[in-house]
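Notes for the one structure printed next.
The values are calculated or read from the model by the stated rules, or taken from the named source; none is laboratory data. A quick note: this is a predicted structure, and the numbers were derived from the prediction, not measured. Please note: Cβ atoms are built from the backbone with ideal geometry, for glycine as well, and neighbour counts cover all protein chains shown.
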Amino acid sequence: MHMSRISKVACKLISEPLPAGWTAAHGTSHKRDECLVFVTTEDGLVGMGEAYHAFSPKVMASIVEEHLADIVVGRDSSEIQLLWEEMFFSAGQLGSAAVAAISGIDIALWDLMGRRLNRPIADLLGGGGVKRIPTYVGCMCLGFQDAKSLREEVRGYVADGFTALKVRGGLNLDADLEAVAVTREAAGSHVDIMIDANSAYSPPESLQLARRLERYNTFWLEDPFDFSVAYHHADMGWLRKNSPVPIASGGNVYTRFNARSLIDAGGVDYLTPDVTKCGGISEGMKIAALASAFNITVAPHTVVGVGTVAGVHYAAALPTHIRGHLEWDASINNPLRDDLCVPALDLAKGSVRVPQGPGLGIALPGPAALERFAFIAGREISMPPRQRRWDPNRPQAAAE
């Protein structure tokens, strides 16, 4: 149909400030950025997606508007798979940034198709019968803080009905262990507890941490060492083989090819793809099919806004036997999701309702909303100089 031909692809960069900052192993965030991608067809219909900004949202927008747009404009918007392949093979020299950019267009194309057919994306993917998705507390929650504050935060989430919590790690081995111990004590034995080390440690340190975490019945240890998310998959295999706790990774997996390398190395028990990074919903489904063949649970990674909504639809379409919990930012300050995405996602007792409206199931943001979240220049995260964690002269926490 000519009316479904793509006439325009454009990005809109938005931000929300974080005046108090939020610190993780890789630095301190002073804002949250989002790179929205809009695909318009000749009849005026618009689909919306999100491309992970990779801490360089202007670069991401440039890839979308100056490279990928030339490939898809004039093409039939329903040819999602064909367009994905052409974008991917035309952008191979641009690496993972191009995959994230493709993700934004892919999500927008699925949103566009859903709006045209008046069906939710989850329904189009075969997950229409799934009404709610279990979630775990993650993202900007359970961060570096004193034991009293952490204990209070944990108890609040448990009271809200969450049954799985992810602690932010990577400060040092002793601090990570203490955070998990406090969380376990406050949450009780019925709650699953994970820890994300944000690639802070060496492989030997990671194994040391894993062994010390076993006593707290830790559900998983996520991305424990440098470059574990994209390289050194053999080291991930070594860690998983020797670790007494399960290993999770995949929030920075780009395409099924990267996921295959990680799986072939035996490096993961839980795969955590993010549809705003991995190649979009289309590629996310291929990663899920790959994981399904190895009975690896898929627990989708999400961060903010539109990407979280897309992640909910993706989770609904996952094969039942590998569908894990969806990451949920339960912090009190996420207006890019709770205010920008209308109607807001329905979270209750630790699970989120799959939106039932056409496409993503949320309205396109108007000028006032976009003006409210005007883009703030500069990097999202201020990163300190990277320490060589594998330096043999660096003091290590005592093994227990």
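Below, the figures for the structure above:
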read-out	value
Residue within the range 175-194 that is modelled with pLDDT of 95 or more and within 24 Å of Asp264 (Cα to Cα) present	yes
Any hit, the range 108-125, residues being part of a strand (DSSP E or B) and in contact with a Lys or Arg (Cβ under 6 Å, 6 or more places away or on another chain)	no
Conditions (1) more than 27 Å from Gln208 (Cβ to Cβ); (2) not hydroxyl-bearing (Ser, Thr, Tyr); (3) not in a helix (DSSP H, G or I): number failed by Gly251	(1)
Odd one out for Trp220 among (1) over 15 Å from the mean Cα position of the chain (by Cα); (2) in contact (Cβ under 8 Å) with a residue 40 or more places away in the chain; (3) more than 18 Å from Ala299 (Cβ to Cβ)	(3)
Complete set of residues in the range 94-126 that are under 20 Å from the mean Cα position of the chain (by Cα) and more than 19 Å from Leu82 (Cα to Cα)	Gly95, Ser96, Ala97, Ala122
Pair list, Cβ under 7 Å, 6 or more apart: the range 254-279 residue within 12 Å of Ser292 (Cα to Cα), other residue among the small types (Gly, Ala, Ser) and part of a helix (DSSP H, G or I)	Leu271/Ala259; Leu271/Ala291
Count of the range 161-203 residues which are over 17 Å from Gly143 (Cβ atoms) and surrounded by fewer than 17 Cβ atoms within 10 Å (Cβ to Cβ)	6
Output for the range 328-362, where each listed residue is within 21 Å of Gly251 (Cβ to Cβ), among the hydrophobic types (A, V, I, L, M, F, W, C) and at pLDDT below 95	Ala330, Leu336
Filter result for the condition that a residue is within 28 Å of Met236 (Cβ to Cβ) and aliphatic (A, V, I, L, M), over Ala175, Ala186, Ala108	Ala175
Selected residue [part of a loop (DSSP other than H, G, I, E, B), among the small types (Gly, Ala, Ser) and modelled with pLDDT of 95 or more] from Gly161, Gly170	Gly161
Residues being over 16 Å from the mean Cα position of the chain (by Cα), surrounded by fewer than 21 Cβ atoms within 10 Å (Cβ to Cβ), in a loop (DSSP other than H, G, I, E, B) and in contact (Cβ under 8 Å) with a residue 24 or more places away in the chain - total across the range 297-341	3
Residues (modelled with pLDDT under 90 and either assigned to a helix (DSSP H, G or I) or not acidic (Asp, Glu) (or both)) located in the range 202-233	Phe225, Phe227, Ser228, Val229, Ala230, Tyr231, His232, His233
Count - residues of the range 127-161 that are more than 21 Å from the chain's Cα centre (by Cα) and of a type in the set (A, V, I, L, M)	5
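For (1) out of contact with any helix residue (DSSP H, G or I) (no Cβ under 9 Å at 6 or more places or on another chain); (2) without any contact (Cβ under 8 Å) to a residue 24 or more places away in the chain; (3) under 30 Å from Asp176 (Cβ atoms); (4) surrounded by fewer than 18 Cβ atoms within 10 Å (Cβ to Cβ), each residue gets a yes or a no:
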position: Glu16; (1), (2), (3), (4): no, no, yes, no
position: Ala20; (1), (2), (3), (4): yes, yes, yes, yes
position: Thr41; (1), (2), (3), (4): no, no, no, no
position: Met87; (1), (2), (3), (4): no, yes, no, no
